[in-house]
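Written out below as structure tokens is the structure these notes cover.
The values are calculated or read from the model by the stated rules, or taken from the named source; none is laboratory data. The structure presented is a predicted model; accordingly, all values stated were derived computationally and were not measured. No Cβ is skipped: glycine too gets one built from the backbone with ideal geometry, and neighbour counts run over all protein chains shown. Heads up: the accessible areas ignore ligands, DNA and RNA and are worked out on the full protein's heavy atoms, side chains in. Shrake-Rupley method; radii C 1.70, N 1.55, O 1.52, S 1.80 Å.
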Amino acid sequence: MRPLFFLNPDEARIIDAIASHVIPSEPGSPGAREAGVVHYIDDTLAGFGRDLQGAYRSGLEALQAAVAPYGARTFADLDEERQRGILEAAEASPDVPDAFLGQFFAIVCEHVVQGFFGDPAYGGNVDEIGWRLVGYPGAQWGFSADQMRPGVDARSIPILTVADLYARVGTSA
Amino acid sequence: MTERFDAVIVGLGSSGGIMAEQLSAAGMRVLGLEKGRDHTQADFEIKHDELRYYQRGAIVAGVSVDPVTWRPDPGSTARVLPWSAGVLGTDEPLYGLPSIGTGGGTLHWGAAAYRFREADFRMRSAILERFGEQALPDGTTLQDWPLSYQDLEPYYDRAEWEQGVSGAAGNVGGELRDGGNPFESPRSRDYPMPPVTPGPGDGPFVAATRRLGLHPFRQPLGINSREYRGRPACVNCGFCHGYPCHVRAKSTTQVTSVPAAKATGNFELRDMSRVLRVLRSADGRRATGVEYVDAHDVLHTVEADLVVLAAYSLENVRLLLVSGINEHGQVGKNFMTHNFGWFASVLPDATNPFMGTFNASSAIDDYTSEIVPDNDLGVLWGAPIISVTGDLQPIEAYHLMNPRVRKWGLEFKHWLRDNYTHLHRMYSQSTNFPSSRHYLDLDPAVKDRWGQPAIRITHEWEDHDANAVTLFGRYKARIAQEMGARETWMDPARPPYHLSTHDVGVHRMGEDPTSSVTDRFGSVHGCAGLYALGGGGFVSYGGYNPNLTIQALTYWSADHILDTAGTRPKDLAAV
């Protein structure tokens, strides 16, 4: 397992389970789990998003309370159907102040999308899984007038990342 | 001993950068104080990163540094606006304050370089002529500008040629030209550059609007379509609106006027320096300098006969108010901001919306300003409808996706997979009228880390604002239908944002000090030697992006300052 910087392994499994509901994996079409989104989130919480550490810990507590009636140890140990049921209930009440679970789920959704579509340098979007899904060629220095013509299949343009651009300008960071 | 300069400029953005160049080139000794960094090109060489710039706002001040609060009406308690993605990181990060550092708002801007039209300068009169005074919404404080389009035309021209604007003229000296905007007000000459390469999604908009009998034209952009003044042509990277430019093709004073000011030898720039207040003579009738803190929070005082506030409309107001400059209670009144009326479509053919700049596209002016069609919604002033074809990365696409689609699960995954590369957007910045209900003041509770009060916005979308979005939504829906859109959706008529980098009007120009803050040159009434520049000076607000008018007004102010001072800048205090 890749090292963690903020979440503990149990918490990471739970976040990974939530992420796999936000962007599910399918045969031949990987999702948030394969893209390593949980590591983007963990990294973010240890750094740029440190202010949200409390929100995550409160959210995980609220989630645990929703899991308790089912007798499972954690959210990650529930079957997928029950997991989805809990998230659907949370989504339905995002603005109820004492139901923090809804807000927490909204935060996690946002972070899952960031980790899935952000540059791989941030720890998610492994093998540019997110970009391949939607046909986005990534960090291009520019596009030629030919590529700008209508009808061009952008999937024929090789995907580039920020790391590729550093290599291109000859700066090793 | 206190330092002395001929002029101090607060903020080296769109207007401050130009003023620095104009004054220092004329021989004045100028100090520029910029709260952000004096950016270098190396900072921006690899900026192709949606998380860093769009999501995390790398070149904007954080809400924890520059808090802005908002309330819908005086009876409500203001809360810190959740801008720059908000406290929980779940809000749309597009609606925030402008970028900071040299270049200011011209770093992040989408580079739409529109002139206002003749009628935009006499909006009140034009509405009264067509609809009568009773048509104006209750509480409106609308006035005509104290200057005309004809006054400003030479300065628009200068801004286009000095700062670098590409586009296609539609009306040169009254003569209409094919391919340009037939509804634009007469210009003295063409743009210095032809339009940039259009985004792939613009074709359907152009074809559809032509079929509908409308007149699409390529938008004027502060982006090079070819090498211009030592800066290269745009490479169509698609990280433009909200991003700095990695090749210097986008016009920002960081690469135009600020380097030119430095080259005069008369300009000193101190970055990471935050002005806390304007200093005045004992009787308050004359500006004498400013007080600022540097990057180490050391307090400094500098003296100058000329103090120019160019720190964005909201920050100009905050500086005036914390300095006690508000003789007639007009500072902060008449807040105006655009309601963008976003309308999105999924088109049959690929639009590849990540290619090229935001506005490498066309617009129509058939429904603009005073030629707004007769309508059943009481909309008194029109706006352009703008096609947006570029700059759309996947995270932003997620934020704007069809609200009818659940934003998680397989439905979500498949929707983005199937539709992202077919997205097209339109917007129209609807006019809002200045009103006694919309204003800025100092927040009584929230302070920044230097102990200064946050600026507080009191604003709610009025019926006219919402009706304009609804009316233009109908026009956009017709265009989308003609484009063969598979799905369409639009923003609510009363959107959740109240702050957008297009905030203007709060230190407006006028000849009467009891209903304005500055004269028509930006000179603050009742305080000699103090100028306030930028969109804060706007008197009314049509549907066009503010920046080119801000820059034209800055050249206009600079000429006035230099004409008045002659070749003896030290005599400015006698103005």
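Overview of values
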| item | result |
| --- | --- |
| Angle in degrees between helix B:547-565 and the longest Cα principal axis of chain B, rounded to the nearest 10 | 20 degrees |
| Spin-label model distance (nm) - B:Asp73 vs A:Ser144, 7 Å beyond Cα toward Cβ | 6.1 nm |
| Mean Cβ count within 10 Å, highest first, over the residues of peptides B:435-445, B:313-323 | B:313-323, B:435-445 |
| In sequence order, calculated HN-Hα J values of region A:119-131 (Karplus, 6.51, -1.76, 1.60; Hz; x Gly/Pro) | 4, x, 4, 8, x, x, 6, 4, 6, 6, 4, x, 5 |
| Region B:460-568: trypsin sites (Lys or Arg not before Pro) falling in loop per DSSP and having at most 15 other Cβ within 10 Å | B:Arg486 |
| Exposure rank, largest accessible area first [B:Arg79, B:Arg210; 1.4 Å] | B:Arg210, B:Arg79 |
| Whole-Hz couplings from phi, Karplus 6.51/-1.76/1.60, listed for region B:148-153; x for Gly and Pro | 10, 4, 5, 4, 8, 3 |
| Partner chain coverage, peptide B:391-401 - average Cβ within 10 angstrom | 4 |
| Exercise: per-residue mean of other protein chain Cβ atoms within 10 Å, B:404-415 | 5 |
| Region B:94-165: chymotrypsin sites (Phe, Trp or Tyr not before Pro) falling in loop per DSSP and having at most 16 other Cβ within 10 Å | none |
| Check: chain A dipole with +1 on Lys, Arg Cβ and -1 on Asp, Glu Cβ, in debye | 380 debye |
| 222 nm mean residue ellipticity, helices alone, for chain B (DSSP H n ≥ 4; -39,500 (n - 2.57); rounded to 500) | -6500 deg cm²/dmol |
| Sequence-distant residues sharing a close amide H with B:Arg286 (under 5 Å, placed H) | B:Ser281, B:Ala528 |
| Simple spin-label estimate for B:Asp563 and B:Asp418 in nanometres, 7 Å along Cα-Cβ | 6.3 nm |
| Per-residue average of Cβ from other chains inside 10 Å of B:186-198 | 1 |
| Mean separation of Cα contacts under 8 Å, 6 or more apart, over the residue count of chain B: relative contact order % | 22 percent |
| Estimated FRET transfer efficiency (B:His296, B:Asp463; beta-carbon r; R0 41 Å; 0.05) | 0.25 |
| Surrounding net charge for A:Gly85, when Lys and Arg each add one and Asp and Glu each subtract one, Cβ distance under 13 Å | -3 |
| Rounded to 5, percent antiparallel among DSSP beta bridges of the protein assembly as shown | 65 percent |
| Spin-label pair B:Gln41/B:Thr2, simplified geometry with 7 Å Cα→Cβ offset, distance in nm | 4.0 nm |
| For B:Pro182, net neighbour charge (Lys/Arg +1, Asp/Glu -1) across residues whose Cβ lies under 10 Å away | -3 |
| Per-residue HN-Hα couplings for region A:57-69 [Karplus 6.51, -1.76, 1.60; θ = phi - 60°; Hz; x = Gly/Pro] | 5, 5, x, 5, 5, 4, 5, 4, 5, 6, 7, 3, x |
| Cut-off 13 Å, label 7 Å out along Cα→Cβ of B:Arg130, residues of region B:429-444 by amide N | B:431 |
